[in-house]
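The values are calculated or read from the model by the stated rules, or taken from the named source; none is laboratory data. Since this is a predicted model, take the numbers as computed values, not measurements. With ideal geometry, Cβ positions are generated from the backbone for all residues, glycine too; neighbour counts draw on all protein chains shown. Protein only, heavy atoms only, side chains kept; ligands, DNA and RNA dropped before computing areas. Shrake-Rupley method; radii C 1.70, N 1.55, O 1.52, S 1.80 Å.
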Amino acid sequence: MTKKKTTTWLTGAVLSMAMLTVTACGGGASDGAQKPEDKSSGASKSEKQKLVIYTARDKNVVEEIIPKFKEQNPGMEVEVLTMGAQQVLERVRGEKANPQADFWWGGTQSALMTAANEGLLESVKPSFADKIPAMYKDSQDRWYGEMLLPEVIMYNSKALKKEDAPKDWDDLLDAKYKGKIIIRGVLASGTMRTIYSSLIYRQDANDPKKGYDWLKKLDANTKEYAQDPTNLYLKLAREEGTLSLWNLQDIMIQKELQKQPFDFIYPASGAPILVDGVGVVKGAKNMEAAKKFYEFLFDSKLRVELAEKLYQIPTRTDINKDTLPAWLKGLELKPLNIDWAVMAQKEKEWMQHWDENIKGKGSK
C-alpha cells in the first residue's frame, strides 16, 4: 500500500470513529441532536442524576417526602424500594461487593450499629452534625438518628378506660389482663425486637434468665401474635384484644389520621426510645445525590412539618419548640436506661431464645 493510500485510509477511519462517538453521545437520537429534556437541563442524558433508596418507612411517609425532594431536584431520578428494616440490613449486607443502593432511610439503632461495624455504611458528616446529640448518632458519622420512637403501651380506648389500663410494664403481667394482649409478630419486627430486648435488659442484662422469666409471664397473658401491623390494628379495633406494645408514632397515626379507637400509656418507669436513623451505603454509586437527600431530610422546616402531619419526634436540638405541634409539647420523654451497644450485641441471641423457648409456652 502506498503512503498516500495509507494516509487516506487512516483519515477515513478516524472520521468514522468520530461520527460514531457523536452519535453515541447524542443519546441514540437518529439526527445526533439533543433531546428536548437535555436542552433544558444543559446536560446529556448520561449525566442525569439518580438516587436509589432502600427504606423501612411507611408508604405515607414516602409519598409525603419524595415528591418534595424531587420538586427541589428536578430531573433527578429517584428509585425507592420499601422493605422491613431487618430486610434492608440483609440486602445491603448481601450487596456489599457491588452496592445497589445509595441511601438507607429508616433503620433501628441496633441495625445501623451492626451495619456500621460490618463496614456497610459510608462516613459522611452532614452540615447539621452538631445539632444531633451524641447518643443519637454514630461517633464516626456512619449513621444519624432522624427521629425518636418511644415504645409504649397501646390500648383500645373504646373498650378500656385509661384509668383501667396498665400504668407500667410490670402491670402487664397482672392476671386481669390475661387473654387481653395481642402482640405483633416479634422476630420480623424491628419495633418488637427492640421492645422485647429492652424488657430483658430492664430486668438484668448480665443475667438474661430474669428477663426470659418476665417474658414467659407476658406470654401467658398474650392471646396471640399478629402477623403484621395491619392485622394487629384490625384485631384491636374489633376488640379481639384490648392491649398491645407498640411505637408511639404509629399509634398516633392510627388514632388521629385513621380515626381508630387507640391511645397509649407512657410507662411510668420509662420507655425504650428507639432511635430511627439513616445512612449512606458504603461505595454508593450516586454519592452526591445521596448527600443531597441527607441534607433535605433533616431540614428544620421539614422536621416540624413531619411532627405535625406524621407525629415524628425530631432528633435535632436546634428546632424552635414554639413551632412544634401541641401533642409533642406536652409529651415528657422519659427513657429507660439502656446501653444500646449491648442491645445490638445481644438482640439476636435473646430473640432466638424467646422464639425457641418462650413463645406460646408461657401458660404451660
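Looking for whichever is open to solvent by 10 Å² or more (accessible area, probe 1.4 Å) and in contact with a Gly (Cβ under 9 Å, 6 or more places away or on another chain) here; the options are Lys131, Lys180, Lys176, Lys161. Which one fits?
Lys180
When you scan region 122-142, do you find a residue that is part of a loop (DSSP other than H, G, I, E, B), over 28 Å from Thr317 (Cα atoms) and charged (D, E, K, R), even just one? Write out each step before concluding.
First, the residues of region 122-142 that are part of a loop (DSSP other than H, G, I, E, B): 122-128, 132-133, 138-142.
Going one step further and asking which of them are over 28 Å from Thr317 (Cα atoms), we end up with none.
There is no residue in region 122-142 that is part of a loop (DSSP other than H, G, I, E, B), over 28 Å from Thr317 (Cα atoms) and charged (D, E, K, R).
Among the strands (runs of 3 or more DSSP E) lying completely within region 220-316, list those that include at least 2 residues that are surrounded by fewer than 22 Cβ atoms within 10 Å (Cβ to Cβ).
On the way: elements: 222-226, 243-247, 262-265, 273-280.
In region 220-316, 222-226, 262-265 are the strands (runs of 3 or more DSSP E) which contain 2 or more residues that are surrounded by fewer than 22 Cβ atoms within 10 Å (Cβ to Cβ).
Looking at region 76-90, which of its residues are buried (at least 17 other Cβ atoms within 10 Å of the Cβ) and part of a helix (DSSP H, G or I)?
Ala85, Gln86, Val88, Leu89
List pairs: first residue in region 106-120 and open to solvent by less than 10 Å² (accessible area, probe 1.4 Å) and among the acidic types (Asp, Glu), second residue modelled with pLDDT under 95 and in a loop (DSSP other than H, G, I, E, B) anywhere in the structure, Cβ distance under 6 angstrom, at least six positions apart or on different chains.
none
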